[in-house]
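Notes for the one structure printed next.
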Amino acid sequence: MAFSEFKPLDEKSLIEYIKTNPVLSNKIGNNYDDLNIKEVGDGNLNFVYIVVGFAGSFVIKQASVEIFELGFQFYLYDEIYELGFALEALPYVRSIGESWPMTKERSYFEALALKEHGRLCPEHVPEVYHFDRTMSLIGMRYLEPPHIILRKGLVAGIEYPNLAEHMSDYMSKTLFYTSLLYRTTTEHKHDVAEFCGNVELCRLTEQVVFSDPYKVSQYNHWTSPYLDQDAEAVREDNVLKLEIAELKSKVAFIIGFCERAQALIHGDLHTGSVMVTSNSTQVIDPEFAFYGPMGFDVGAFIGNLFLAYFAQDGHADLVDDRKISYFIICVLCVYYISKPCIVECSGPRVHFN
């Protein structure tokens, strides 16, 4: 079977694709008879396959022409398996359909960001094994159980003692080493120009972060009727909308992305883009990556910690009243650890040009 042009893969055609790729085939010991393939994408933008064999494994992610916020679901497996996954990009948002088309090129920028962030912080970014631009497909390390999405762990009331330190390490290294504080002007401008091509995902960020929440939009959702008044209050708050407009001018692609291209940011760094165990923290899904304000990543992650904190009352029970300061401690640690970490990263080579 030829794969000279884009085509969405299913479990059957994925096996044929793996057979044509030496890197992926070697990961499973070139044994295709006992493969366990499961599609686990629960987001809107991509197909995600976990590929498991007795000799090894990986994950495949293929971009769709739909829009998504990717999440990962996992299943139990025998300890003899080594696991991985692959992702496939579709050219539209899965939950919306072809009425909201998306370029498949976003997988190219995701692969670039994963490789660059992985080079700078390999402890907290899964390794990329393979990228196919024609097929909009990434093959990468599978984050085996007990890794789970951070958001799910926080909802379950699990505390992660290394989370703040790990996320501070990730943000400090990826933000500092891709900025003009470390790089030459030539290096920086080259990569800024490259990532300006990720315009479709930047447009989506602008819409869902800085526009839709503050007006009537078919894509807005809240717990109705209980939060109807709160939603209306946000839409009617002109002072808030002026503040948001100012932030939008600093971050929006058309106005400010290239003007404030401080560093290669993740672009979608929330608690659904981090997988964790008690001693491991892995940042995934940087397909919204672009060169923009450093504070965008830091603020997005801290904001999600606050959302998790304020949601705890809804998960409280007689055994666990969830009256914990863990989230506030995490916020303070992320904020205050990141700053000295950036200074420590600076070393002898700092450019203020």
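Quick check: anything in the range 23-39 of a type in the set (Phe, Trp, Tyr) and in a strand (DSSP E or B)? Taking every residue of the range 23-39 in turn, none turns out to be of a type in the set (Phe, Trp, Tyr) and in a strand (DSSP E or B). When you check GLY256 against the structure, is it touching a Pro at 6+ places or on another chain (Cβ under 9 Å), at pLDDT below 90 and not hydrophobic (A, V, I, L, M, F, W, C), yes or no? It is true that GLY256 is touching a Pro at 6+ places or on another chain (Cβ under 9 Å), at pLDDT below 90 and not hydrophobic (A, V, I, L, M, F, W, C). Scanning the range 116-172 for residues that are part of a loop (DSSP other than H, G, I, E, B), buried (at least 19 other Cβ atoms within 10 Å of the Cβ) and either β-branched (Val, Ile, Thr) or on the phi > 0 side of the Ramachandran plot (or both) yields VAL125, SER136.
Could you please let me know if ASN238 is polar (S, T, N, Q) and modelled with pLDDT of 95 or more? Steps first, answer last, please.
Values: polar (S, T, N, Q): yes; modelled with pLDDT of 95 or more: yes.
Criteria met by ASN238.
Remark: ASN21 falls outside the filter, which requires a residue to be buried (at least 16 other Cβ atoms within 10 Å of the Cβ) and under 25 Å from ARG151 (Cα atoms).
The values are calculated or read from the model by the stated rules, or taken from the named source; none is laboratory data. Since the structure is predicted, the reported quantities are computational estimates derived from the model, not experimental observations. We place every Cβ from the backbone using ideal geometry, glycine too, and count neighbours over all the protein chains shown.
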